[in-house]
1. On the basis of being at pLDDT 95 or above, farther than 27 Å from PHE334 by Cα and in a loop (DSSP other than H, G, I, E, B), does PRO182 make the cut?
2. Checking ASP404 against (1) buried (at least 22 other Cβ atoms within 10 Å of the Cβ); (2) among the acidic types (Asp, Glu); (3) assigned to a helix (DSSP H, G or I), which test does it fail?
3. Please give the number of the condition ILE147 fails out of (1) over 27 Å from PRO319 (Cβ atoms); (2) surrounded by fewer than 15 Cβ atoms within 10 Å (Cβ to Cβ).
4. Regarding GLY154, is this residue in contact (Cβ under 8 Å) with a residue 40 or more places away in the chain and surrounded by 16 or more Cβ atoms within 10 Å (Cβ to Cβ)?
5. Filter the stretch 94-120 for residues that are assigned to a strand (DSSP E or B) and within 12 Å of ligand 1 (Cβ to nearest atom) and give the result.
6. Can we say VAL205 is within 16 Å of ligand 2 (Cβ to nearest atom) and closer than 29 Å to VAL322 by Cβ?
7. Return the residue satisfying two criteria in turn: it lies in the stretch 343-380 and is among the aliphatic types (A, V, I, L, M) and not in a helix (DSSP H, G or I), and of such residues it is nearest to ligand 2 (Cβ to nearest atom).
8. Just to check your reading of the model, which residue among HIS195, HIS218 is surrounded by 17 or more Cβ atoms within 10 Å (Cβ to Cβ) and at pLDDT below 95?
Amino acid sequence: MGEFSARPKWDELIKGEKGEYVHGSVYTSPQIFEEELEKIWYRTWVYVGHVSEVPNPNDFVLKSIGPQAVIMTRDREGQINLLLNRCPHRGNQVCLEHRGNRGSFTCPYHGWTFVNTGALRGYPFAAGYEGSDRSTLGLGKVARVGIYQGFVFGSFADEGPSLEEHLGAARGALDALVMSSPEGEIEITAGFLQHKAKTNWKFIVENETDGYHPQFVHASIFDVASSGIGDLYSADSTAVARDMGDGHTEIDLRPEFRRIGKPMGWFGTSEERLPDYVSKMRAAYGNERANEIMIDGTPHIMIFPNLFIAEIQIFVIQPLSVDETVQHVTALQFKGAPDINRRLRQQTMGSVGPAGFLLADDSEMYERTQRGVHMRKPEWNYIGRGLARERRDEDGHLIGDATDEVSTRGIWSHYRKLMEAE
Ligand code: FES
Ligand code: FE
(Lines give C-alpha, C1' and ligand atoms only; values in the text may rest on other atoms or scores of the structure.)
(Ligands and ions follow the chains in the order given, each with its own letter.)
Protein backbone atom coordinates (compact mmCIF):
# COMPACT_ATOMS: atom_id res chain seq x y z
CA MET A 1 0.00 0.00 0.00
CA GLY A 2 1.37 3.42 -0.75
CA GLU A 3 -0.42 6.24 -2.47
CA PHE A 4 -4.12 5.80 -3.09
CA SER A 5 -5.81 6.29 -6.39
CA ALA A 6 -9.25 6.33 -4.79
CA ARG A 7 -10.24 7.69 -1.36
CA PRO A 8 -8.45 5.93 1.48
CA LYS A 9 -10.35 3.03 3.03
CA TRP A 10 -10.08 3.32 6.76
CA ASP A 11 -10.80 -0.31 7.55
CA GLU A 12 -7.65 -1.10 5.57
CA LEU A 13 -5.57 1.49 7.41
CA ILE A 14 -6.64 0.99 11.02
CA LYS A 15 -7.13 -2.66 11.88
CA GLY A 16 -7.59 -5.06 14.75
CA GLU A 17 -10.47 -5.61 17.12
CA LYS A 18 -9.75 -2.37 18.98
CA GLY A 19 -7.92 -0.53 16.24
CA GLU A 20 -4.54 -1.60 17.55
CA TYR A 21 -2.82 -1.71 14.15
CA VAL A 22 -2.20 1.60 12.39
CA HIS A 23 -0.81 1.60 8.87
CA GLY A 24 2.45 3.52 8.36
CA SER A 25 1.09 5.40 5.33
CA VAL A 26 -1.28 7.46 7.49
CA TYR A 27 1.81 9.36 8.63
CA THR A 28 3.42 9.69 5.20
CA SER A 29 0.69 10.08 2.57
CA PRO A 30 0.29 13.66 1.27
CA GLN A 31 -3.18 12.71 0.09
CA ILE A 32 -4.27 11.71 3.59
CA PHE A 33 -2.76 14.91 4.95
CA GLU A 34 -4.85 16.98 2.51
CA GLU A 35 -7.95 15.11 3.61
CA GLU A 36 -7.08 15.69 7.28
CA LEU A 37 -6.92 19.42 6.63
CA GLU A 38 -10.47 19.35 5.25
CA LYS A 39 -12.00 16.94 7.76
CA ILE A 40 -10.18 17.84 10.95
CA TRP A 41 -8.29 21.12 10.83
CA TYR A 42 -10.83 23.05 8.75
CA ARG A 43 -13.93 21.46 10.24
CA THR A 44 -13.67 20.66 13.95
CA TRP A 45 -12.78 23.04 16.77
CA VAL A 46 -9.08 23.89 16.86
CA TYR A 47 -7.33 25.79 19.65
CA VAL A 48 -6.09 29.20 18.49
CA GLY A 49 -5.08 31.39 21.42
CA HIS A 50 -6.01 32.73 24.84
CA VAL A 51 -7.98 35.83 25.77
CA SER A 52 -5.08 37.07 27.92
CA GLU A 53 -2.97 37.45 24.75
CA VAL A 54 -5.29 40.26 23.60
CA PRO A 55 -6.37 41.85 26.90
CA ASN A 56 -7.21 45.34 25.60
CA PRO A 57 -9.50 46.64 22.85
CA ASN A 58 -7.63 46.69 19.49
CA ASP A 59 -4.97 44.19 20.64
CA PHE A 60 -4.05 41.56 18.08
CA VAL A 61 -1.72 38.59 17.77
CA LEU A 62 -0.82 36.35 14.85
CA LYS A 63 -1.93 32.75 15.29
CA SER A 64 -2.70 29.75 13.11
CA ILE A 65 -5.05 26.89 12.36
CA GLY A 66 -2.76 24.34 10.75
CA PRO A 67 -1.15 26.03 7.71
CA GLN A 68 -3.70 28.88 7.81
CA ALA A 69 -2.44 32.19 9.24
CA VAL A 70 -5.02 33.72 11.54
CA ILE A 71 -5.06 37.17 13.13
CA MET A 72 -6.72 37.02 16.54
CA THR A 73 -8.08 40.48 17.33
CA ARG A 74 -10.06 42.07 20.09
CA ASP A 75 -12.24 44.71 18.50
CA ARG A 76 -13.46 48.00 19.95
CA GLU A 77 -16.48 46.28 21.46
CA GLY A 78 -14.25 43.75 23.21
CA GLN A 79 -15.24 40.82 20.94
CA ILE A 80 -12.63 38.32 19.80
CA ASN A 81 -12.35 37.86 16.01
CA LEU A 82 -10.35 35.30 14.05
CA LEU A 83 -9.42 36.81 10.67
CA LEU A 84 -7.51 35.21 7.83
CA ASN A 85 -4.32 36.94 6.85
CA ARG A 86 -5.16 37.36 3.19
CA CYS A 87 -6.10 40.53 1.39
CA PRO A 88 -9.35 40.23 -0.59
CA HIS A 89 -7.84 42.43 -3.29
CA ARG A 90 -5.03 40.33 -4.70
CA GLY A 91 -4.07 38.07 -1.87
CA ASN A 92 -1.23 39.81 -0.05
CA GLN A 93 -0.69 39.28 3.67
CA VAL A 94 -2.27 42.22 5.46
CA CYS A 95 -0.55 41.77 8.82
CA LEU A 96 3.16 41.19 9.28
CA GLU A 97 3.65 42.25 12.90
CA HIS A 98 3.55 39.40 15.34
CA ARG A 99 1.43 41.31 17.84
CA GLY A 100 0.39 44.83 18.67
CA ASN A 101 -2.48 47.22 19.18
CA ARG A 102 -4.32 48.74 16.24
CA GLY A 103 -7.88 49.33 15.19
CA SER A 104 -7.23 48.58 11.53
CA PHE A 105 -4.85 46.81 9.16
CA THR A 106 -3.56 48.36 5.95
CA CYS A 107 -2.43 46.02 3.22
CA PRO A 108 1.13 46.93 2.18
CA TYR A 109 0.48 46.18 -1.52
CA HIS A 110 -2.18 48.72 -2.62
CA GLY A 111 -3.23 50.21 0.67
CA TRP A 112 -6.65 48.71 1.28
CA THR A 113 -7.59 49.12 4.93
CA PHE A 114 -9.63 46.79 7.12
CA VAL A 115 -11.23 47.30 10.52
CA ASN A 116 -10.13 44.72 13.11
CA THR A 117 -13.53 43.04 12.77
CA GLY A 118 -12.52 42.18 9.18
CA ALA A 119 -14.75 44.73 7.40
CA LEU A 120 -13.28 46.77 4.56
CA ARG A 121 -12.82 50.37 5.68
CA GLY A 122 -11.64 51.77 2.39
CA TYR A 123 -9.23 51.80 -0.53
CA PRO A 124 -7.05 54.50 -2.06
CA PHE A 125 -8.27 56.25 -5.23
CA ALA A 126 -11.85 55.18 -4.58
CA ALA A 127 -13.01 56.67 -7.86
CA GLY A 128 -12.00 53.50 -9.70
CA TYR A 129 -14.42 51.33 -7.76
CA GLU A 130 -17.84 52.70 -8.69
CA GLY A 131 -20.45 49.99 -8.45
CA SER A 132 -18.38 47.45 -6.49
CA ASP A 133 -19.92 46.03 -3.32
CA ARG A 134 -17.68 46.86 -0.37
CA SER A 135 -19.56 44.58 1.97
CA THR A 136 -18.23 41.52 0.10
CA LEU A 137 -14.64 42.74 0.21
CA GLY A 138 -13.71 42.18 3.85
CA LEU A 139 -11.10 39.83 5.31
CA GLY A 140 -12.03 36.16 5.54
CA LYS A 141 -13.23 35.07 8.97
CA VAL A 142 -13.07 31.79 10.81
CA ALA A 143 -16.77 30.89 10.85
CA ARG A 144 -17.17 30.14 14.56
CA VAL A 145 -15.26 31.38 17.59
CA GLY A 146 -15.73 29.70 20.97
CA ILE A 147 -14.15 30.47 24.32
CA TYR A 148 -13.86 28.16 27.30
CA GLN A 149 -12.08 29.24 30.51
CA GLY A 150 -10.27 31.87 28.44
CA PHE A 151 -9.07 29.38 25.80
CA VAL A 152 -10.12 30.55 22.33
CA PHE A 153 -11.03 27.94 19.70
CA GLY A 154 -12.03 28.41 16.08
CA SER A 155 -13.95 26.27 13.61
CA PHE A 156 -14.10 26.89 9.86
CA ALA A 157 -17.42 25.01 9.71
CA ASP A 158 -20.59 27.13 9.89
CA GLU A 159 -22.36 24.32 11.68
CA GLY A 160 -21.45 21.35 13.82
CA PRO A 161 -21.08 20.42 17.47
CA SER A 162 -20.77 23.35 19.87
CA LEU A 163 -17.40 23.98 21.52
CA GLU A 164 -18.79 22.59 24.79
CA GLU A 165 -19.87 19.40 23.01
CA HIS A 166 -16.50 19.11 21.31
CA LEU A 167 -14.61 19.54 24.58
CA GLY A 168 -16.81 17.02 26.38
CA ALA A 169 -14.97 15.53 29.35
CA ALA A 170 -11.95 17.77 28.67
CA ARG A 171 -13.94 20.66 30.12
CA GLY A 172 -13.37 19.25 33.59
CA ALA A 173 -9.60 19.41 33.08
CA LEU A 174 -9.77 23.05 32.00
CA ASP A 175 -12.01 23.84 34.98
CA ALA A 176 -9.46 22.17 37.26
CA LEU A 177 -6.55 23.95 35.60
CA VAL A 178 -7.78 27.47 36.28
CA MET A 179 -8.24 26.61 39.98
CA SER A 180 -4.46 26.58 40.33
CA SER A 181 -4.64 30.35 40.17
CA PRO A 182 -5.77 32.07 43.36
CA GLU A 183 -7.89 34.26 41.07
CA GLY A 184 -9.28 31.32 39.08
CA GLU A 185 -7.71 32.40 35.79
CA ILE A 186 -4.83 31.26 33.61
CA GLU A 187 -2.76 33.73 31.63
CA ILE A 188 -0.71 33.08 28.51
CA THR A 189 1.71 35.96 28.74
CA ALA A 190 5.19 34.41 28.93
CA GLY A 191 5.87 34.42 25.17
CA PHE A 192 6.12 31.43 22.85
CA LEU A 193 9.02 29.28 21.71
CA GLN A 194 8.65 27.48 18.41
CA HIS A 195 10.07 24.05 17.69
CA LYS A 196 9.83 22.69 14.18
CA ALA A 197 10.23 18.95 13.64
CA LYS A 198 10.30 16.92 10.43
CA THR A 199 7.48 14.70 11.48
CA ASN A 200 3.79 14.08 11.00
CA TRP A 201 1.60 15.92 13.51
CA LYS A 202 -0.04 12.71 14.74
CA PHE A 203 3.20 11.35 16.14
CA ILE A 204 3.27 14.39 18.40
CA VAL A 205 -0.37 14.07 19.43
CA GLU A 206 0.17 10.40 20.27
CA ASN A 207 3.32 11.08 22.26
CA GLU A 208 1.77 13.73 24.51
CA THR A 209 -0.17 11.14 26.48
CA ASP A 210 2.17 8.23 25.92
CA GLY A 211 3.23 7.15 29.39
CA TYR A 212 5.41 4.36 28.03
CA HIS A 213 8.32 6.41 26.63
CA PRO A 214 9.43 8.77 29.45
CA GLN A 215 11.54 6.17 31.30
CA PHE A 216 13.59 5.59 28.17
CA VAL A 217 13.54 8.82 26.18
CA HIS A 218 13.89 11.06 29.23
CA ALA A 219 16.17 8.84 31.32
CA SER A 220 18.95 11.45 31.22
CA ILE A 221 16.89 14.27 32.73
CA PHE A 222 15.43 11.98 35.37
CA ASP A 223 18.98 11.00 36.36
CA VAL A 224 20.40 14.52 36.34
CA ALA A 225 17.48 16.15 38.11
CA SER A 226 17.05 13.22 40.49
CA SER A 227 13.36 14.12 40.41
CA GLY A 228 10.55 11.70 41.07
CA ILE A 229 8.96 12.31 37.65
CA GLY A 230 10.30 9.05 36.24
CA ASP A 231 8.45 7.01 38.86
CA LEU A 232 5.13 8.49 37.72
CA TYR A 233 5.59 6.59 34.46
CA SER A 234 6.84 3.28 35.79
CA ALA A 235 5.06 -0.07 35.72
CA ASP A 236 4.32 0.37 39.44
CA SER A 237 2.76 3.80 39.06
CA THR A 238 -0.84 4.23 40.20
CA ALA A 239 -1.32 6.95 37.57
CA VAL A 240 -3.90 6.20 34.90
CA ALA A 241 -3.98 6.63 31.11
CA ARG A 242 -7.46 7.70 30.02
CA ASP A 243 -9.40 7.90 26.77
CA MET A 244 -11.75 10.77 27.61
CA GLY A 245 -13.73 10.42 24.39
CA ASP A 246 -13.90 12.86 21.44
CA GLY A 247 -10.18 12.28 20.78
CA HIS A 248 -9.11 13.84 24.08
CA THR A 249 -6.74 11.84 26.25
CA GLU A 250 -4.88 12.25 29.49
CA ILE A 251 -2.41 10.76 31.87
CA ASP A 252 -4.12 11.26 35.19
CA LEU A 253 -1.30 11.63 37.70
CA ARG A 254 -3.57 12.47 40.63
CA PRO A 255 -3.59 8.96 42.12
CA GLU A 256 0.20 9.20 42.52
CA PHE A 257 0.13 12.74 43.92
CA ARG A 258 -2.67 11.83 46.32
CA ARG A 259 -0.73 8.77 47.47
CA ILE A 260 2.21 11.06 48.29
CA GLY A 261 -0.23 13.62 49.72
CA LYS A 262 2.12 16.59 49.75
CA PRO A 263 0.89 20.04 48.64
CA MET A 264 3.03 21.25 45.70
CA GLY A 265 4.59 17.79 45.36
CA TRP A 266 3.26 17.75 41.76
CA PHE A 267 5.52 20.75 41.08
CA GLY A 268 8.56 19.02 42.58
CA THR A 269 8.62 21.37 45.53
CA SER A 270 7.04 22.00 48.94
CA GLU A 271 4.72 24.59 50.49
CA GLU A 272 7.62 26.28 52.29
CA ARG A 273 9.31 27.19 49.01
CA LEU A 274 6.28 29.12 47.72
CA PRO A 275 4.84 30.84 50.81
CA ASP A 276 3.19 33.70 48.93
CA TYR A 277 1.39 31.42 46.47
CA VAL A 278 0.31 28.95 49.13
CA SER A 279 -1.12 31.63 51.41
CA LYS A 280 -3.03 33.21 48.52
CA MET A 281 -4.46 29.82 47.57
CA ARG A 282 -5.59 29.18 51.14
CA ALA A 283 -7.16 32.63 51.34
CA ALA A 284 -8.96 32.10 48.03
CA TYR A 285 -10.27 28.55 48.44
CA GLY A 286 -10.06 27.78 52.17
CA ASN A 287 -7.53 25.39 53.71
CA GLU A 288 -9.13 22.11 52.76
CA ARG A 289 -9.95 22.89 49.13
CA ALA A 290 -6.62 24.66 48.59
CA ASN A 291 -4.82 21.58 49.91
CA GLU A 292 -6.70 19.33 47.49
CA ILE A 293 -5.87 21.59 44.55
CA MET A 294 -2.22 21.85 45.55
CA ILE A 295 -1.92 18.08 46.00
CA ASP A 296 -3.69 17.18 42.73
CA GLY A 297 -1.70 19.61 40.60
CA THR A 298 -2.58 20.60 37.04
CA PRO A 299 -3.69 18.24 34.25
CA HIS A 300 -1.64 16.37 31.67
CA ILE A 301 -4.16 16.35 28.86
CA MET A 302 -4.12 16.33 25.06
CA ILE A 303 -7.16 18.18 23.73
CA PHE A 304 -7.63 16.92 20.18
CA PRO A 305 -6.29 17.95 17.75
CA ASN A 306 -3.77 20.55 18.88
CA LEU A 307 -3.74 21.72 22.51
CA PHE A 308 -1.53 19.85 24.94
CA ILE A 309 -1.60 21.00 28.55
CA ALA A 310 1.52 19.58 30.17
CA GLU A 311 1.12 20.53 33.83
CA ILE A 312 3.32 23.64 33.72
CA GLN A 313 3.15 24.64 30.06
CA ILE A 314 1.03 24.37 26.95
CA PHE A 315 2.02 23.10 23.53
CA VAL A 316 0.08 24.17 20.45
CA ILE A 317 0.57 21.76 17.56
CA GLN A 318 0.62 23.21 14.05
CA PRO A 319 0.95 20.90 11.06
CA LEU A 320 2.53 22.58 8.02
CA SER A 321 2.73 19.59 5.71
CA VAL A 322 2.58 15.81 5.96
CA ASP A 323 6.06 15.65 7.49
CA GLU A 324 6.58 19.07 9.03
CA THR A 325 5.07 20.23 12.30
CA VAL A 326 5.65 23.19 14.60
CA GLN A 327 5.09 23.06 18.33
CA HIS A 328 4.46 26.44 19.94
CA VAL A 329 5.35 26.25 23.62
CA THR A 330 4.81 28.60 26.52
CA ALA A 331 4.75 28.47 30.32
CA LEU A 332 1.36 28.61 31.98
CA GLN A 333 0.96 31.61 34.25
CA PHE A 334 -1.43 31.59 37.19
CA LYS A 335 -3.14 34.97 37.55
CA GLY A 336 -2.21 36.71 40.79
CA ALA A 337 0.72 34.42 41.67
CA PRO A 338 4.05 36.03 40.70
CA ASP A 339 6.27 33.76 42.79
CA ILE A 340 5.09 30.50 41.23
CA ASN A 341 4.91 32.15 37.79
CA ARG A 342 8.62 32.88 37.85
CA ARG A 343 9.32 29.23 38.60
CA LEU A 344 6.85 28.07 35.95
CA ARG A 345 8.83 30.08 33.41
CA GLN A 346 12.18 28.78 34.64
CA GLN A 347 11.07 25.17 34.62
CA THR A 348 9.59 25.60 31.17
CA MET A 349 12.89 26.96 29.85
CA GLY A 350 14.78 24.12 31.52
CA SER A 351 12.55 21.41 30.11
CA VAL A 352 11.39 22.65 26.70
CA GLY A 353 13.53 25.75 26.02
CA PRO A 354 16.20 25.85 23.29
CA ALA A 355 18.65 24.00 25.55
CA GLY A 356 15.92 22.20 27.47
CA PHE A 357 16.22 18.59 28.48
CA LEU A 358 12.80 17.21 27.60
CA LEU A 359 11.60 18.42 24.23
CA ALA A 360 14.89 17.85 22.42
CA ASP A 361 14.65 14.17 23.33
CA ASP A 362 11.05 13.89 22.15
CA SER A 363 11.77 15.78 18.92
CA GLU A 364 14.57 13.38 18.06
CA MET A 365 12.13 10.49 18.50
CA TYR A 366 9.53 12.23 16.30
CA GLU A 367 11.96 12.64 13.42
CA ARG A 368 13.42 9.14 13.69
CA THR A 369 9.93 7.64 13.80
CA GLN A 370 8.90 9.61 10.72
CA ARG A 371 11.93 8.26 8.87
CA GLY A 372 11.19 4.77 10.18
CA VAL A 373 7.62 4.55 8.89
CA HIS A 374 8.83 5.20 5.36
CA MET A 375 10.31 1.69 5.43
CA ARG A 376 8.13 -0.79 3.58
CA LYS A 377 7.83 -3.42 6.28
CA PRO A 378 6.29 -4.41 8.64
CA GLU A 379 3.78 -1.76 7.40
CA TRP A 380 1.87 -1.54 10.70
CA ASN A 381 2.47 0.19 14.01
CA TYR A 382 1.17 -1.86 16.92
CA ILE A 383 -0.53 0.12 19.68
CA GLY A 384 -1.94 -2.80 21.65
CA ARG A 385 -0.21 -2.27 24.99
CA GLY A 386 -2.65 -2.82 27.84
CA LEU A 387 -5.49 -4.15 25.66
CA ALA A 388 -6.22 -7.04 28.01
CA ARG A 389 -6.34 -4.84 31.10
CA GLU A 390 -8.41 -1.94 29.72
CA ARG A 391 -11.23 -1.05 32.09
CA ARG A 392 -13.78 1.70 32.61
CA ASP A 393 -13.72 4.35 35.31
CA GLU A 394 -16.80 5.56 37.20
CA ASP A 395 -17.59 7.99 34.35
CA GLY A 396 -17.48 5.22 31.76
CA HIS A 397 -14.17 6.29 30.19
CA LEU A 398 -11.66 3.66 29.13
CA ILE A 399 -8.59 3.65 31.33
CA GLY A 400 -5.39 1.68 31.60
CA ASP A 401 -2.15 1.66 33.55
CA ALA A 402 0.13 4.70 33.20
CA THR A 403 2.24 3.03 30.51
CA ASP A 404 -0.67 1.57 28.50
CA GLU A 405 -1.70 2.68 25.03
CA VAL A 406 -5.37 3.13 25.80
CA SER A 407 -4.95 6.87 25.18
CA THR A 408 -3.31 6.31 21.78
CA ARG A 409 -6.15 4.01 20.74
CA GLY A 410 -8.65 6.65 21.86
CA ILE A 411 -7.03 9.22 19.57
CA TRP A 412 -7.22 6.87 16.60
CA SER A 413 -10.81 5.82 17.09
CA HIS A 414 -11.91 9.46 17.12
CA TYR A 415 -9.63 10.29 14.19
CA ARG A 416 -11.16 7.49 12.19
CA LYS A 417 -14.68 8.75 12.87
CA LEU A 418 -13.75 12.21 11.61
CA MET A 419 -11.99 10.88 8.53
CA GLU A 420 -14.81 8.51 7.58
CA ALA A 421 -17.36 11.31 7.60
CA GLU A 422 -18.36 12.76 4.25
FE1 FES B 1 -3.93 44.06 -0.72
FE2 FES B 1 -3.81 44.92 -3.20
S3 FES B 1 -3.29 42.98 -2.44
S4 FES B 1 -4.39 46.00 -1.44
FE1 FE C 1 8.35 12.95 26.17
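The values are calculated or read from the model by the stated rules, or taken from the named source; none is laboratory data. If you're wondering where the values come from, they're calculated on a predicted model, not measured in any experiment. Glycine also receives a Cβ, built like all others from the backbone with ideal geometry; neighbour counts cover every protein chain displayed.
1. Numbers: at pLDDT 95 or above: yes; farther than 27 Å from PHE334 by Cα: no; in a loop (DSSP other than H, G, I, E, B): yes.
For PRO182, the condition - at pLDDT 95 or above, farther than 27 Å from PHE334 by Cα and in a loop (DSSP other than H, G, I, E, B) - is not met.
2. It is condition (3) that ASP404 fails.
3. Every condition holds for ILE147 apart from (1).
4. Details: in contact (Cβ under 8 Å) with a residue 40 or more places away in the chain: yes; surrounded by 16 or more Cβ atoms within 10 Å (Cβ to Cβ): yes.
Yes: the conditions hold for GLY154.
5. Restricting attention to the stretch 94-120, the residues satisfying the condition of being assigned to a strand (DSSP E or B) are 99-101, 104-106, 113-115, 120.
Matches in the stretch 94-120: PHE105, THR106, THR113, PHE114, LEU120.
6. Details: within 16 Å of ligand 2 (Cβ to nearest atom): yes; closer than 29 Å to VAL322 by Cβ: yes.
When the stated conditions are applied, VAL205 passes them.
7. The first filter runs over the stretch 343-380 and keeps only residues among the aliphatic types (A, V, I, L, M), leaving 344, 349, 352, 355, 358-360, 365, 373, 375.
Imposing the further condition that a residue be not in a helix (DSSP H, G or I) reduces the set to 355, 373, 375.
Values: ALA355: 16, VAL373: 18, MET375: 23 Å.
Among those that are among the aliphatic types (A, V, I, L, M) and not in a helix (DSSP H, G or I), it is ALA355.
8. Criteria check complete, one pass: HIS218.
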